[in-house]
1. Tell me the net charge near Ile128. Cut-off is 15 Å between Cβ atoms, Ile128 excluded, with +1 for each Lys or Arg and -1 for each Asp or Glu.
2. How would you rank Trp26, Trp154, going from fewest to most other Cβ atoms within 10 Å of each one's own Cβ?
3. Could you size up the charge dipole of the stretch 105-181 around its Cα centre, putting +1 on the beta carbon of Lys and Arg and -1 on that of Asp and Glu, and report it in debye to the nearest 20?
4. Starting from the 7 Å offset along Cα-to-Cβ, what nm value, one decimal, do you get for the label separation of Leu28 and Gln103?
Amino acid sequence: MSPPASRSWYLRSRRSRRRAPSWLGWVLVVLIALLAAAALWFLRSRLPEGFSRAGHPAGAGRMAPLVACELYFGDPAGRGLQRELRFLARAEDPDRRARDVLQALIDGSLTGGLSPWPPGTKPRELFISRSGIAYVEFDESLRRDAPPGDYIEWLMAASLTRTLCANLPALRGVRVLVAGPSSGTLLRNLPLEWTFVPAMFDDAG
């Protein structure tokens, strides 16, 4: 046996064993990085269509702040109107704010309030005059598809007027047009020549 040779082999084995952990460590780092990249790719590929990779709707900027709005629906017990709070995106432009509030009203109550608006109702036009009157125009389908009854006609005027005026303090009243002309009646009784004001419905709730 040659002790020097055995000692040399022993020292070489020790050095190899000392180097092994460093080499294995780099392999583990690379594997972990690959697994993380694969997981990230998988998650990004599962984003719903129309969403950007930043996690927001495509083309969307900073989200607008929300503001509490008052919507008025019919009381299920038949005691006039009931108020419902809804949080909508803040709109600085009064016309835009009026449209957003009106659309929320037409979409219906989230708490069981009664809505007079037929399914699919869409206002043709809405604008606010310099004198503070909101003009809201609907097409003829409003009359055609509205549920029967005088209460429905009253509820349309009451909920529309109270809702718009509650959320636009500068508003003085509401005029309704159906298919253009401002004459005739809303459904059967309420004249379209009237300017509806909140005081007409103050005792409604």
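1. Values: positive: Arg96, Arg97, Arg99, Arg130, Arg172, Arg175; negative: Glu92, Asp93, Asp95, Asp100, Glu125, Glu137.
Cβ neighbours under 15 Å give a net charge of 0.
2. Trp26, Trp154
3. The dipole magnitude comes to about 300 debye.
4. 5.5 nm
The numbers here are math on the coordinates, done by the rules we state, and not lab data. Not measured: the values here are computed from a predicted model. Note that we place each Cβ from the backbone using ideal geometry, even for glycine, and neighbour counts take in every protein chain shown.
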